[in-house]
Amino acid sequence: MPRLHLRRRAAILLAGVLTAAGLAAAPAYATSPDVLLSEVYGGGGNSGAPYRNDFVELVNLGSAPVGLDGWSVQYASATGTSWQVTPLRGTIAPGAHLLVQEGAGGNATAPPLPAPDVTGTIAMSGTSGKVALVASVTALDCAAAGTPCRAAPGVRDFVGYGTANEAETAATPALSNTTSASRRGAPDTDDNAADFTVGAPAPEYSGGGTPPPPPPSVTPARIHEIQGAAHRSPLAGRKVATSGVVTAVGPRGFWLQDPAPDDDPATSEGVYVFANGRPTVSRGDAVGVTATVLEYRPSDPNLSLTELSAPRVTSTATGAAVPAPVLVGPGGRVAPTPVRTDAPGDVETSPVFDPTANALDFYESLEGMQVRVRDSVASGPTSSFGELPVLPGGAGSPRTVRGGVLYSYADSNPERVFLDDVLAPVPTATVGDRLPGNVDGVLDYSFGNYKLEALATPAVTGRPLPREVTRTPRGSELAVATFNVENLSPLDDQVKYDRLAAALVRNLAAPDIVAVEEIQDDTGAVNDGTVTARQTYARLVAAIAAAGGPRYDHRQIDPVDGADGGQPGGNIRVGFLFRTDRGLRFTDRPGADASTPNDVVRTGRGPRLRYSPGRVDPTDPAFTDSRKPLAGEFRFRGRPVFVVANHFNSKGGDQPLNGRFQPPARSSEPQRHAQAQVVRDFTDRLLAADRRARVVVLGDLNDFEFSRTTDILTAGGGLVDLPRTLPPPERYTYVFEGNSQVLDHILISPALARRGAYEYDIVHLDSEYPDQVSDHDPQVVRLRVG
């Protein structure tokens, strides 16, 4: 159930006990002279929810008890045709209610329902859906019967809410985390919109169980007592009364800080107050707040954020002194390098909380407080999400040659601070740009990172960072490059094609062979079964020629529709662009399709490929829902060169560096390891046939030069990974959340890797800039193929 932000209302109760004689004439849809649906609620356990579980409430408006054995409450989504069933039991007395508890949301600290009479597990939508009271436990199948569900046999009552595609006459308005649909009373007019009103949930049970819990008492607490020296509040789920000074006001809440802190740096003095709408308070207001302490977690594996929910706010003064911000970085509090030093596992349940040793604890101790960074340097470009990673004081190591900071397993650079745009726009910046002076804000957490919500847009001092240009290959050199063109399709505007062409012609100096990754089919992300990419290649080749480049040809194999992962409908694949004007030609050996495995054939003149182009073991489980490698055989000045283009499994499923579980699980790795082994086995067959074979393996491997994926490809000297040959400050092809790292590789066989036989260059022209044409930097190797 999603997090929704709508207001509560006062409870509305059913008015009195009505008899069947008091009801309207024969209803037009579901028929029940006695038992009806009286309340429906689907926001249980969501943010701000007054109860932990969804529920459905029944009422008996008749004059006699009604047995419910063999009856059920059933639920379907707003447009769904599949009904979930909760069987009922027992008897409901005249004038009495019966409470059916359903599924719980993610907020386990929300109060429980009054003792339910029946318990189910259905997860209802908090906004829109359909509920039926049925005199049967068989799931409704209205589509098969060809009748509306509200008039299906056995349906005693029916409620559609929100955008439900079926209701009695008209659906009720949409519900929320804090509102239910409650019956106004009698008569039942068979019009859900007229019969029900939307307001605060008021569940009533039969009275046969434990009575509802009394309203929660209010606990006086200072903010540092609410936060505690831990990732989760010791007062979670409790109603508290606290006070402080408003430090910042956001679109749906405000930040509150105690002006009289305790002497424990492990406990934060600030907290976010979730008001579920634009607050009426202003920065500098002194206020008292009575609210429920909530640990809000939008999804795992994020850390939870301590909030005050459903607040009652009382202003006591205006123009109060706002607490001074805490300086983070050189000259102030400095984040430790280790993210965690205790045993692996769930950070929030760990008994260890040490801000001096653990970076996550360090930032947790400042959560919700005013924080300052000074004289920062951008370690990544401003993202499309309005985030800018910076190094406070310019401190951080090891640095790249162009001002970024390098990622490693041992050091994920927790000194990075993310400026976010919730309160003020974030400036556009490039790696290495400086933000002179102070940037003040409040420390928040979202999407796997602690973030500084800047109070005002910082100034940026740019510096020259020219996009790199590699040299032109000499006549005897074969230039081989790899370039991830980021979901290129005919749906892209001509500007993207022109910029890619300019990069290939000018920055990469028109390489002889280019392995291209993320070429989409001819209809792009339209999921219509198209797999051909002739238009995509044709537009790119034409743009290269228009940019003054040579005429390129291409080779590729269309994938099976939907089988290679990536953007749904796009059918991304790898392929080759190649020049034909410098003594290079492609050796065509047709016959392979998307599922045909390539092989190495031994001949008296050395190895050759059975198919060229041909895919490398495309049906191997390692390549399930992932791009298949493409092997092609070229001849340069009469000599064979074997090239294998790759795009390994994405890191998309890995846990965040600053998430709840430490160390973060890299669940995407095993598939890349298996893919690397398949490619290694293939190149081993080439080298077994001729140890002097000229082999190039390249592409977006989605893994680091120090990873096991790369180790598998290079073990025993089989291939040489060229990123590993560079000085460490030059080893990066990608900048993710301010961490510079290698994802793209060129690997070459020993015959090509002898001293003086190659020259390798990662051409930094995209990853460090906010105006990227691709999120990857290309790279090129110039080979002497004598």
Per the rule of 0.36 nm per residue minus the C-alpha distance, extending residue 316 to residue 692 adds in nm 127.1 nm
Taking every alpha carbon pair in segment 31-184 and sorting the distances into 10 angstrom bins from 0 up to the bin holding the longest one, the percent per bin comes out as 12, 44, 36, 8, 0
Spin-label pair residue 476/residue 121, simplified geometry with 7 Å Cα→Cβ offset, distance in nm
7.3 nm
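Would you calculate a helix-derived [θ] at 222 nm for the chain, using -39,500 (n - 2.57) for each DSSP H run of n ≥ 4 and dividing by the full residue count, to the nearest 500? Kindly include the intermediate steps, with their values, before the conclusion.
Values: 8 runs with 69 residues, N = 786.
Counting only the DSSP helices, I get -2500 deg cm²/dmol.
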What is the Cα centroid distance between segment 309-335 and segment 422-477, reported in whole angstrom?
26 Å
Placing +1 on the Cβ of each Lys and Arg and -1 on the Cβ of each Asp and Glu in the chain, which of 376, 431, 314 has its Cα farthest towards the positive end of the resulting dipole?
431
Got the relative contact order for segment 501-555 handy, in percent, Cα pairs under 8 Å and 6 or more residues apart?
36 percent
Indicate the gyration tensor shape class of the chain (rounded, prolate or oblate), computed on the Cα atoms with a ≥ b ≥ c the square roots of the eigenvalues: a/c under 1.5 is rounded; otherwise a/b larger than b/c is prolate and the rest oblate.
oblate
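Ignoring ligands, DNA and RNA, what percent of the 1.4 Å accessible area of segment 449-577 is carbon and sulfur?
Values: 2520 of 4740 Å².
Ligands and nucleic acids excluded, carbon and sulfur give 53 percent.
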Over segment 444-555, what number does the Rg to Rh ratio reach, with both radii from the alpha-carbon atoms and Rh per Kirkwood?
1.12
Just to verify a number: what accessible area does residue 149 come out at with the full protein assembly present, 1.4 Å probe, Å² rounded to tens?
10 Å²
Which whole-number value in Å² is the accessible area per residue of segment 741-786, probe 1.4 Å?
26 Å²
Judged on accessible area alone, 1.4 Å probe, highest first, 401, 785 line up as 401, 785
What FRET efficiency do you get for residue 726 and residue 526 if R0 is 45 Å and r is their Cβ-Cβ distance, rounded to the nearest 0.05?
0.65
How far is helix 669-689 tilted, in degrees, relative to the longest principal axis of the Cα atoms in the chain, given as a value from 0 to 90 rounded to the nearest 10?
20 degrees
Computed E for residue 582/residue 341 - FRET, C-beta separation, R0 60 angstrom, nearest 0.05:
0.60
Check each of the trypsin sites (Lys or Arg not before Pro) in segment 540-581 and keep only those in coil by DSSP with at most 14 other C-beta atoms within 10 angstrom; list them in order.
551
Charge dipole of the chain about the Cα centre (unit charges at C-beta), most positive-ward option of 326, 234, 587:
587
By how many nm would the segment from residue 456 to residue 138 lengthen if fully extended, with 0.36 nm per residue of separation less the alpha-carbon distance?
108.5 nm
Compute, for segment 87-159, the length of the dipole vector about the Cα centre, with Cβ point charges of +1 (Lys, Arg) and -1 (Asp, Glu) only. Units Debye, rounded to 20.
100 debye
To the nearest 0.05, what FRET efficiency results for residue 602 and residue 561 with a Förster distance of 35 Å applied to their C-beta separation?
0.50
Tell me which residues come under 5 Å, amide H to amide H, from residue 599 once H is placed; ignore anything under 5 positions away on its chain.
610, 611
Of 571, 74, 170, which is farthest towards the positive pole of the chain's charge dipole, taken about the Cα centre with +1 and -1 on the beta-carbons of Lys, Arg and Asp, Glu respectively?
571
Starting from the 7 Å offset along Cα-to-Cβ, what nm value, one decimal, do you get for the label separation of residue 395 and residue 408?
1.9 nm
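The values are calculated or read from the model by the stated rules, or taken from the named source; none is laboratory data. Values in this document were obtained by computation on a predicted structure and should not be read as measured data. Cβ: placed from backbone, ideal geometry, glycine included. Neighbour counts: every protein chain shown. To get the accessible areas, we keep the full protein, side chains included, count just its heavy atoms, and leave off ligands, DNA and RNA. Shrake-Rupley method; radii C 1.70, N 1.55, O 1.52, S 1.80 Å.
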